[in-house]
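Notes follow the structure.
The values are calculated or read from the model by the stated rules, or taken from the named source; none is laboratory data. Here the structure is a predicted model, which is why all the values come from computation and not from measurement. In this analysis, Cβ positions are derived from the backbone assuming ideal geometry, glycine residues included, and neighbour counts consider all displayed protein chains. Each accessible area value is taken on the protein alone, full model and side chains, heavy atoms only, with ligands, DNA and RNA left out. Shrake-Rupley method; radii C 1.70, N 1.55, O 1.52, S 1.80 Å.
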Amino acid sequence: MIRRVIIALALCLTASPVAADVVIFAASSLKTALDEVTEGLPVRISYGGSGVLARQVLQRAPADIFFSANAVWMDAAEQGGAIAAESRVDLLSNSLVVVGHKAATLKDMLAGDGRVATGLVRSVPVGIYAKAYLQASGHWDTIAPRLIETDSVRAALALTARGEVPFAIVYASDAVAEPAVQVIHALADVPDLPIGYPVALTAWAKPEAREVLDVLQSDAARAVFAAHGFGVP
């Protein structure tokens, strides 16, 4: 039923023969769910770390929609005049988990010497969130020397999925998307740093982008996001 609703919306959007593809810049952690939500829509999606994408948007890259995994990077784009502020919506939420290949516990990860993959702790949202959690829980000094920092959460996930790194700190939605790993531990949220996914039109977005943004906020799309492990506030 959900797929039929989204396909019907797609047919409406593709009715105009002159409409150009809407370009979406989206956080890597959205890939599996967003690919499903936008199937059949006239869109092209560029995935990457939210910080990298935000900097490209600030340099007026040809994107129509920016879908970030971090409010700070959306704030930067908004303050730089790169997005249409009135279009901004806090669409999704997420949580952090530790994943690995075999049954283990958080204690095993903390007590061992295995490497831990996550995003760049200074610029990639999952890394920023992971560092905040580890600092708040008193584990930062134990884990920091063993961190492998990647340019996106999916890159960190892939290292563990391939068995190159025993543990990774990723989003709960990433664990749903990758059958080669299992959740070892769900991390508590950091109260002062909620994990949110704001989405907005760029200041130079094509008119058709508004319709795509509406589809992303539809009940059908929200159901898809929820099925992939995202919170839908």
| task | Determine, yes or no, whether Ala130 is modelled with pLDDT of 95 or more and surrounded by fewer than 23 Cβ atoms within 10 Å (Cβ to Cβ). | result | no
| task | Kindly indicate whether any position in region 27-46 is under 17 Å from the mean Cα position of the chain (by Cα), in a loop (DSSP other than H, G, I, E, B) and over 21 Å from Val126 (Cβ atoms). | result | yes
| Of the residues Asp219, Asp192, Asp214, which single one is more than 19 Å from Ile45 (Cβ to Cβ), of a type outside the set (A, V, I, L, M) and at pLDDT 95 or above? | Asp219
| What number of residues within region 73-83 are touching a residue at least 12 places away in the same chain (Cβ under 8 Å) and either buried (at least 16 other Cβ atoms within 10 Å of the Cβ) or among the charged types (D, E, K, R) (or both)? | 7
| said: The conditions are (1) modelled with pLDDT of 95 or more; (2) surrounded by fewer than 19 Cβ atoms within 10 Å (Cβ to Cβ); (3) among the β-branched types (Val, Ile, Thr), and Val176 fails exactly one of them. Which is it? | reply: (1)
| query | Taking the condition part of a helix (DSSP H, G or I), open to solvent by 30 Å² or more (accessible area, probe 1.4 Å) and among the acidic types (Asp, Glu), does Glu164 pass? | reply | no
| remark: Sole miss for Ala188 among (1) within 30 Å of Asp108 (Cβ to Cβ); (2) assigned to a helix (DSSP H, G or I); (3) of a type in the set (A, V, I, L, M) is condition (2)
| said: Anything in region 179-216 that is open to solvent by 50 Å² or more (accessible area, probe 1.4 Å), in contact (Cβ under 8 Å) with a residue 60 or more places away in the chain and closer than 18 Å to Leu30 by Cα? List them, or say none. | reply: Pro194
| query | Looking at Leu41, is it open to solvent by less than 20 Å² (accessible area, probe 1.4 Å) and either within 16 Å of Tyr197 (Cβ to Cβ) or free of Cβ contacts under 8 Å to residues at least 24 places away in the same chain (or both)? | reply | no
| query | If we only count strands (runs of 3 or more DSSP E) wholly inside region 84-138, which ones have 3 or more residues that are under 17 Å from Gly163 (Cα atoms) and in contact (Cβ under 8 Å) with a residue 40 or more places away in the chain? | reply | 96-100, 116-119
